[in-house]
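Data block below; observations after.
Read the figures in this text as sums done on the coordinates, not as results from a lab. Bear in mind that the values here come from a model prediction, so they are computed numbers and not experimental data. In this analysis, Cβ positions are derived from the backbone assuming ideal geometry, glycine residues included, and neighbour counts consider all displayed protein chains.
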Amino acid sequence: MAEKIDILLLGAGGREHALLKKLSESPRAGKLWVAPGNGGMLQLAEVAPVNQEDGDQVATWAAENGIGLVVIGPEAPLVAGVGDAVRAKGIACFGPSGQAAQMEGSKEFAKQVMARAGAPTAAYQSFTDETACAEYVRKLGGPIVIKADGLAAGKGVIVAATTDEALAGVHECFTAFGDAGNTVIVEEMLEGPECSLLALTDGTTLVPLATSQDHKRALDGDKGPNTGGMGVYSPVPILLDGELEQMTAIMQRVVDQLRADGITYSGCLYGGFMLTKDGPKVLEFNARFGDPETQVVLPRMQADLVEAFLACDNGTLSDVPITWGDDWAVSVVLTSAGYPGSYEKGKVITGIEDANAMDGVTVYHAGTALGENGEVLTAGGRVLDVTAVAPTFEAARAQSYAACEKIDFEGKTFRTDIGLKAILGRENL
Ligand code: AMP
Ligand code: GLY
């Protein structure tokens, strides 16, 4: 049997708990470390005393502690080049280089790569001057989409129905996001249902994982403010023939283009697509696994995640078997009352074990911490991701909601319509 390796995973959300759990199930997994981790992750791993965005600190600590693989969950350390620092020490790393992570770190960079790769996406113009940008927006008029170029923690996109909203968005992008708003993109509004596709790649081979769909708005009926994601399912049942192949081909072209440009993209590439009447078009790329998409994709994936991640790093992904059953997964996010606005923390959570004991259910921790006596406490806006896997979409959905009822904490809040539109059909998605 191949030797075990010790692994350091960076991040603290539901995505990282799902990654950690899947990594822990590999026969190759040795001792597991996390930085910073959350209440659920601490049940599987020990905390490494490093700042996840400090590449030198992460790489030095990993070298001194015999780490054989560093897995980077969130975008900020990727864009900060933590992967480069780790690889410079000769340690395997899952996650793209700082340069390759510009696919997420700069929307303009991603648009330029897409143009060279012939990847369909919304028509756009970029601006570094607010007056010129506002003038252009007045000329085109709403509906139109305004985006801050850089990382803005999911807040830098304004989908404006009217010219006035768009102009307010232009001002916000140029003033509210620091350096991320030095460049602002104005783009055509696309229409259709959305679909996310995660793919693993070693820079040459690209293996699509399952499709999934997030629910970004806070309230039922896609009302209320945008959030980090309120629920998700996989696969997406409303794809038309050929759409998965088209999305995969677009992502492969992008990875090939980056390689031709001298940039090896290895890790997870997240394609956010709009399924327009002219075929799938790219809304955005992320340089990492999606959150909460990972919490429905990984439980359905049949693969040794440690082997797959090592293969992404060393260019042998085509050798790793990755297969899928025909089951379905639905995950409902339990949040603290008030999220995405202000909310309270430190509430005791009960019932997680009862929920986990249900058939097909896994509760991933997002914003939790362990109290002094080991009790699980709320510690964030998105608290838990309640995932159920079942042979049918309807069964997975019903089981996830049944599990949500077992869990309790003061202020527990969730959407009741996760996945409903998928059942109703394509025209409603
Ligand atoms: P992004 O972070 O670029 O994915 O944007 C966040 C959300 O804004 C997407 O999931 C879409 O719902 C919406 N969006 C982004 N770009 C467009 C576009 N060009 N047309 C319509 N909606 C968009
Ligand atoms: N669920 C959206 C994202 O991970 O960016």
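Model label points for Q43 and E245, set 7 angstrom from Cα along the Cα-to-Cβ axis, are 4.3 nm apart. Springs between Cα atoms under 10 Å define the GNM used for the chain, and in it the highest mean-square fluctuation of V145, V82, V34 occurs at V145.
Provide the gained length on full extension for the span A88 to A176, in nm with one decimal, where the gain is 0.36 nm per separating residue minus the Cα-Cα distance. Please report the intermediate quantities before stating the final value.
Values: separation 88, 0.36 × 88 = 31.68 nm, distance 3.51 nm.
Length gained between A88 and A176: 28.2 nm.
Comparing G419, G351, G262 in a Gaussian network model of the chain where C-alpha atoms under 10 Å apart are linked, the largest mean-square fluctuation is found at G262. Extension gain, A357 to K216, is 47.9 nm, computed as 0.36 nm per intervening residue step minus the present C-alpha separation. 3J(HN,Hα) along the stretch 262-273: x, 10, 7, 9, 10, x, 9, 10, 9, x, x, 10 Hz, from the Karplus curve 6.51 cos²θ - 1.76 cosθ + 1.60 with θ = phi - 60°, whole Hz, x for Gly and Pro.
Looking at the square roots a ≥ b ≥ c of the eigenvalues of the Cα gyration tensor of the stretch 26-142, which shape do they give, rounded for a/c under 1.5, prolate if a/b is larger than b/c, or oblate? Let's see the in-between values first.
Details: a/c = 2.80, a/b = 2.51, b/c = 1.11.
It is prolate, given that a/c is not under 1.5 and a/b is the larger ratio.
Quick one: dipole size for the chain, taken about the Cα centre, charges +1 on Lys/Arg Cβ and -1 on Asp/Glu Cβ, in debye to the nearest 20. Can you show the working numbers first?
Details: 33 positive and 57 negative charges, 38 e Å.
With only Lys, Arg, Asp and Glu charged at Cβ, the dipole is about 180 debye.
Over the Cα atoms of the stretch 224-370, the radius of gyration divided by the Kirkwood radius equals 1.00; this is the Rg/Rh ratio.
Applying 1/(1 + (r/R0)^6) with R0 = 56 Å to the Cβ-Cβ distance of D129 and W324 gives a FRET efficiency near 0.70.
If a/c stays under 1.5 just call it rounded; otherwise compare a/b with b/c (prolate if a/b is bigger, oblate if not). Do that for the chain, with a ≥ b ≥ c from the square roots of the Cα gyration tensor eigenvalues. Because its axes are fairly even, with a/c under 1.5, the chain counts as rounded. Counting only the Cα atoms, the stretch 6-78 fills a convex hull of 74 Å³ per residue.
Using equal-weight Cα scatterers in the Debye expression, the normalised intensity of the stretch 134-189 in log10 at q = 0.22, 0.23 Å⁻¹ is -0.70, -0.76.
In the chain, a dipole from Cβ-located charges (positive for Lys and Arg, negative for Asp and Glu) runs towards its positive end, and of I5, G68, L190 it is L190 whose Cα lies farthest in that direction. Annotation: extensible slack from D6 through A398 equals 137.4 nm (criterion: 0.36 nm per residue apart, minus Cα-Cα distance).
Counting only DSSP beta bridges with both residues in the chain, tell me the antiparallel percent, nearest 5. Walk me through the numbers before you get to the answer.
On the way: 62 of 79 bridges.
Around 80 percent antiparallel, to the nearest 5.
Would you mind estimating how fast the stretch 143-300 diffuses translationally, via Stokes-Einstein at 37 °C and 0.692 mPa s with the Kirkwood radius over Cα pairs, in µm²/s?
On the way: Rh = 16.7 Å.
The Stokes-Einstein estimate is 196 µm²/s.
What's the magnitude of the charge dipole for the stretch 327-379 around its Cα centre, counting Lys and Arg as +1 and Asp and Glu as -1 at the beta-carbon? Answer in Debye, nearest 20.
Working: 2 positive and 7 negative charges, 56 e Å.
That gives the stretch 327-379 a dipole magnitude of about 280 debye.
Overall dimensions of the stretch 287-404, expressed as equivalent-ellipsoid semi-axes from the Cα gyration tensor (√(5λ), whole Å, largest first), are 29, 19, 13. Using the alpha carbons alone, the radius of gyration of the stretch 88-234 stands to its Kirkwood radius in an Rg to Rh ratio of 0.99.
Please find the FRET efficiency linking E427 to R259, where r is the Cβ-Cβ separation and R0 is fixed at 41 Å, and quote it to the nearest 0.05.
On the way: r = 39 Å, r/R0 = 0.95.
Using R0 = 41 Å, I get an efficiency of 0.60.
Given a Förster radius of 30 Å and the C-beta distance between T60 and A115 as r, what FRET efficiency does 1/(1 + (r/R0)^6) yield to the nearest 0.05? Provide the component values of the computation, followed by the final result.
Numbers: r = 39 Å, r/R0 = 1.31.
The calculated FRET efficiency here is 0.15.
Go through the stretch 1-62 and name the trypsin sites (Lys or Arg not before Pro) that are in a DSSP coil and have 14 or fewer other Cβ atoms within 10 Å of their Cβ. Walk me through the numbers on the way to the answer.
On the way: sites: K4, R15, K21, K22, R28, K31; in loops: K4, R28.
Those that pass, being in a loop and sparsely packed, are K4.
For the stretch 241-258, backbone phi angles converted through the Karplus equation (6.51, -1.76, 1.60; θ = phi - 60°) give residue-by-residue couplings of 3, x, 5, 4, 4, 5, 5, 4, 5, 4, 5, 4, 4, 5, 5, 5, 5, 4 Hz, Gly and Pro being listed as x.
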